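A short write-up of the structure that comes next.
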Amino acid sequence: MVLEISTIIAMLVYLLIAWGLERIVYVLFYRPRGPVSVRQTIVSDQAPQLVPVESTQTTVTKHTSV
């Protein structure tokens, strides 16, 4: 029985390449399911004030698959 280090290294390299390709496909084609919550915070910096003005909006949208 012979332990081939070059074969083990090649297997690890192929594993990393496959993982990288899987991540690229995931990023390109991922579509969230169910409602998506979006929160936007706006801080007014136009005039110096004693108390900063902050406005918060929360929007929930429902995506449907086609």
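Quick notes on this structure:
- Residue-level accessible surface for ILE5, protein heavy atoms, 1.4 Å, Å²: 100
- Difference of contour (0.36 nm per residue) and Cα-Cα distance, VAL38 to MET11: 5.5 nm
The values are calculated or read from the model by the stated rules, or taken from the named source; none is laboratory data. It should be emphasised that the depicted structure is a prediction, and the values quoted were computed from it without experimental measurement. Each accessible area value is taken on the protein alone, full model and side chains, heavy atoms only, with ligands, DNA and RNA left out. Shrake-Rupley method; radii C 1.70, N 1.55, O 1.52, S 1.80 Å.
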